[in-house]
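Accompanying notes for the structure given below.
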């Protein structure tokens, strides 16, 4: 665990909570447990760069510099969706990404100096889930229709399942032939979300999560999501469109000395419904 990241996150949380105690903001009526259940369904398309490295016994054998064009070229199938359930101040959520793809590239062997080719096939699920508590809503002005914001600390987990196969030709050190494996871990996360209501139609969402702590062999993981949304009616259904950016990173070795380090970062757009 890197103490600096946890320390910075703690300062941010403490600063935000301290800000709420000043007289510059007025707290509006909070959500009640007697409020009915509300549900959000969001479909989105994330267009990330996804550079990854695979190391064996501390030596890097594959460096996949996957920019957006590479991700799209390697893509066989994908699905991305988010579900939320709200009951008073309680928030339950899950964010899901499914990916299936094939990537290949020529490279020079680091030891033999021979020309080689590798093919990496993957089928992966990336799921972030958790439960949060809405601390309340604070107006940013004196009038009732002023912009306002809310804070939602949350606890949860991050589940990653990746069935992969790596083929290198011709055979040779440090990795020969075809290697298959499964990265399958479930590690805890904590985080803080905030929503700023700018007007009746426009709003801003920010969320940061951190986890790992060597649980299930995950060194660390952090996830930042920010987006702006616009509300409208689709018939009688409350709807929204969103555009934003997500940065996701994790590092996880396994007991065979194979280590996967993955960064996914890029913009996304989506549409959602609330009922």
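FYI, it's all coordinate maths here, none of it is from the lab. These figures come from a predicted structure and were not determined experimentally. With ideal geometry, Cβ positions are generated from the backbone for all residues, glycine too; neighbour counts draw on all protein chains shown.
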Query raised in the report: So if we plug the beta-carbon distance of residue 104 and residue 271 into 1/(1 + (r/R0)^6) with R0 = 30 Å, what FRET efficiency do we get, rounded to 0.05?
Result: 0.30
Query - Distance (nanometres) between label positions extended 7 Å along Cα→Cβ at residue 241 and residue 53 - result: 4.0 nm
**Report entry** 19 Å cut-off, amide nitrogen to a point 7 angstrom out along residue 215 Cα→Cβ, residues in region 129-172
**Finding:** 129-133, 153-162
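Order these by the 10 Å Cβ neighbour count, fewest first: 207, 199. List each step's numbers first, then the result.
Working: 207 22, 199 10.
If I rank by nearby Cβ atoms, fewest first, I get 199, 207.
For 46, 213, what ranking results if the residue with the fewest other Cβ atoms within 10 Å of its Cβ goes first?
Numbers: 46 23, 213 16.
Least to most surrounded, the residues fall as 213, 46.
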Query - Cβ-based exposure ranking for 160, 185, 275, 224, in which fewest neighbours within 10 Å come first - result: 275, 224, 185, 160
Query raised in the report: Sorted by packing (mean other beta-carbon atoms within 10 Å per residue), highest first, where do 188-196, 34-42 land?
Result: 188-196, 34-42
Query raised in the report: Tell me, in nm to one decimal, what length is gained between residue 165 and residue 206 on full extension, where the rule is 0.36 nm per residue of separation less the Cα-Cα distance?
Result: 11.2 nm
Query - Separation of the residue 144 and residue 77 label points, Cα + 7 Å toward Cβ, nm - result: 5.1 nm
Report summary line: Residue separation between residue 249 and residue 182 times 0.36 nm, minus their alpha-carbon distance, gives in nm 22.3 nm
